[in-house]
Amino acid sequence: MLPYLMPGSPPRGRFVPPAVFLATAVLGGLAWRILGGPGWLESLRYYLERGIEIESISGGVLALLEDVPGQHVELYLCHGCVNIRDQWASPVIKVASSCVTVGLMLVVAMADACGRFGDSFRCVAASVVALMIRSKVLSPQFMIWLLPYPCVLTGGNSRTVRWTFLAACLLTTLVYPHLYQSLLSLDRSAVLALNVRNLVLCAMFALLVRGETRGTAGAGEIGEPPHPRIQT
């Protein structure tokens with residue numbers, strides 16, 4: 001919503017998208033409350049009580065600490081998945097939270113930098129990747145969240161984004177199921193493969209943001225047609 005409320009956004013209809021978003025959020029929350037009954041907050045509490053899944057960005061960093069002298073990394077089963085913890089778990093989560101905050105601010109800056117707010121699919125894709133990077137859980141099926149967006153990106157570095165996404169999917173397949181048992185043993189090669197996959201996801205986020213700010217800066221305002229000689 002923020003790009004539409006920032007100075008310089010088009011005055012006509014500038015409050016319509018935020019209003020639609022808020023109305024959708026309120027109606028969705030009411031439906032959640034009604035359909036969920038007395039236990040409607042259980043799903044939120046379930047997530048908050050979860051530990052750091054070993055496949056997440058934070059989990060990969062903690063797994064690397066196994067080779068640091070004096071560090072004791074522990075794996076445990078909780079909430080239906082294998083989690084990881086050690087004395088650095090809390091600082092890592094705080095850093096990850098800060099990273100996603102900065103990441104979402106970059107998405108807002110990206111949308112504001114392009115005169116017409118750029119490609120909405122690119123902005124949404126960048127937001128989803130930022131949330132995946134922050135999440136305490138990053139199961140293989142989470143890659144499905146991103147599947148539609150690289151397919152519809154246009155212009156800029158879209159092709160590079162698609163190849164990066166494909167690399168992330170292939171590495172995810174390598175880690176799970178092929179290297180998963182080795183990962184649970186904190187085998188060095190499996191841990192490195194996991195962290196390479198996670199770095200590729202971070203690179204994808206950087207490409208999504210960088211491609212939009214560089215590729216569409218200076219474009220016309222929303223609703224302004226491109227010059228007839230400019231190919232779209």
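The table below gives the values:
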{"item": "Number of the condition not met by LEU183 [criteria: (1) over 18 Å from SER139 (Cα atoms); (2) assigned to a helix (DSSP H, G or I)]", "result": "(1)"}
{"item": "Cβ pairs under 7 Å, 6+ apart, first in the stretch 139-166 and farther than 14 Å from VAL209 by Cα and in the same structural domain as ARG197 (by TED's automatic domain parsing), second part of a loop (DSSP other than H, G, I, E, B) and not polar (S, T, N, Q)", "result": "SER139/GLU55"}
{"item": "Positions within the stretch 57-79 being under 24 Å from the mean Cα position of the chain (by Cα) and assigned to a loop (DSSP other than H, G, I, E, B), in sequence order", "result": "HIS79"}
{"item": "Residue match in the stretch 86-106 (condition: touching a Ser or Thr at 6+ places or on another chain (Cβ under 7 Å), in a strand (DSSP E or B) and modelled with pLDDT under 80)", "result": "no"}
{"item": "Residue list for the stretch 8-40, restricted to those being modelled with pLDDT under 80 and closer than 30 Å to VAL82 by Cβ", "result": "GLY39, TRP40"}
{"item": "Every pair of residues 6+ apart whose Cβ atoms lie under 8 Å, when the first sits in the stretch 19-36 and is at negative phi while the second is of a type outside the set (Lys, Arg)", "result": "PHE21/MET1; LEU22/MET1; TRP32/TRP40; ARG33/TRP40; GLY36/GLU42; GLY36/SER43"}
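The values are calculated or read from the model by the stated rules, or taken from the named source; none is laboratory data. The shown structure was predicted, so the numbers you read here are calculated from the model rather than taken from an experiment. Positions of Cβ are backbone-derived with ideal geometry, glycine not excepted, and every protein chain shown enters the neighbour counts.
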